[in-house]
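**Student:** Okay, here's the structure, questions in a sec.
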């Protein structure tokens, strides 16, 4: 079911969203997560890299995470860089 909704990279998306929602560093800054949103950007359907943007709303602040992932030779997507920005 998730694969149909998330496309060919559900594992990397689900792992990143789960990690962000459970990160003590993020939760300390934003408080309890009250909303979440994410989207993917690939330059072409055949592209071996993508950008994942995650937005978390909390009761104290918001967090925006931009993660860059690359498709390894094995076909598994791996995040190699991410940046988090907090706003009140």
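**Student:** If I go through segment 16-66 residue by residue, how many of them are in contact (Cβ under 8 Å) with a residue 24 or more places away in the chain and within 8 Å of the chain's Cα centre (by Cα)?
**Tutor:** Residues flagged as in contact (Cβ under 8 Å) with a residue 24 or more places away in the chain and within 8 Å of the chain's Cα centre (by Cα) within segment 16-66 amount to 7.
**Student:** Kindly indicate the residue of segment 72-83 that is in contact with a strand residue (DSSP E or B) (Cβ under 8 Å, 6 or more places away or on another chain) and touching a residue at least 60 places away in the same chain (Cβ under 8 Å) and also surrounded by the fewest Cβ atoms within 10 Å (Cβ to Cβ) among those meeting that condition.
**Tutor:** 78
**Student:** Go through segment 45-61 and report how many residues are surrounded by fewer than 17 Cβ atoms within 10 Å (Cβ to Cβ) and closer than 16 Å to residue 81 by Cα.
**Tutor:** 4
Read the figures in this text as sums done on the coordinates, not as results from a lab. None of the values given here were measured: they were computed from a predicted structure. Positions of Cβ are backbone-derived with ideal geometry, glycine not excepted, and every protein chain shown enters the neighbour counts.
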